[in-house]
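Let me begin by presenting the structure, written as structure tokens, before commenting on it.
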Amino acid sequence: MCPALHPCSSRRRLRHAATTATLAASMLLMLLGTGSFVGPSRGAAAAASTNDVASSGQPTVRASHTKLGVILVDAKGMVLYRYTADKRNISNCYTGGGCVSLWPILTPGPGGRVAAGPGVAQSALAVITRKDGKKQVTYDGWPLYAYIVDQKPGQTAGQGFKDAQGIWFVVYATPAKNPAPGS
């Protein structure tokens, strides 16, 4: 047990505060959201992506200039991420450890399609069927996700986030800038 003013006590309080804040945000946004992102809680990204469809009725993925470079975002400017634990066209983000709760998947629109917006190659977009039966949009083989902590367009709070399985990164619009997913 740590004394009250010892550094390990401060770290424990900080971890608890971060966990509590994340859970509170997830619960609040779960009440608000529907949209193109799907996770068990349909969290912040779902709320942020409501009506995230092109005139064709399909979710849109477009390029956006940010401090990290030209990256993929949805129609509302919410950043899309890739996960190093994923394999080519195979998602490894499920319920274990709350993965999908924090990183909702980008799902296709009616008919299982997604539209490429400005700066995005339509040929790099595809749709996979996950082990849980849900459809998920991919870009050059990388399954796409949002991050519930990102609350504003262009926010990249998930960049470099590391968990027990892998690391989360933004997805660059130029496929060659993203390392190839494992096979």
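For every residue, the table says whether it meets (1) at pLDDT 95 or above; (2) surrounded by fewer than 17 Cβ atoms within 10 Å (Cβ to Cβ); (3) not aliphatic (A, V, I, L, M).
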residue	(1), (2), (3)
Gly112	no, yes, yes
Ala121	no, yes, no
Ile128	yes, no, no
Gln136	yes, no, yes
### Task
Considering only the range 139-160, state which residues are hydrophobic (A, V, I, L, M, F, W, C) and either modelled with pLDDT under 95 or within 19 Å of Val127 (Cα to Cα) (or both).
Trp142, Leu144, Ala146
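The values are calculated or read from the model by the stated rules, or taken from the named source; none is laboratory data. If you're wondering where the values come from, they're calculated on a predicted model, not measured in any experiment. Please note: Cβ atoms are built from the backbone with ideal geometry, for glycine as well, and neighbour counts cover all protein chains shown.
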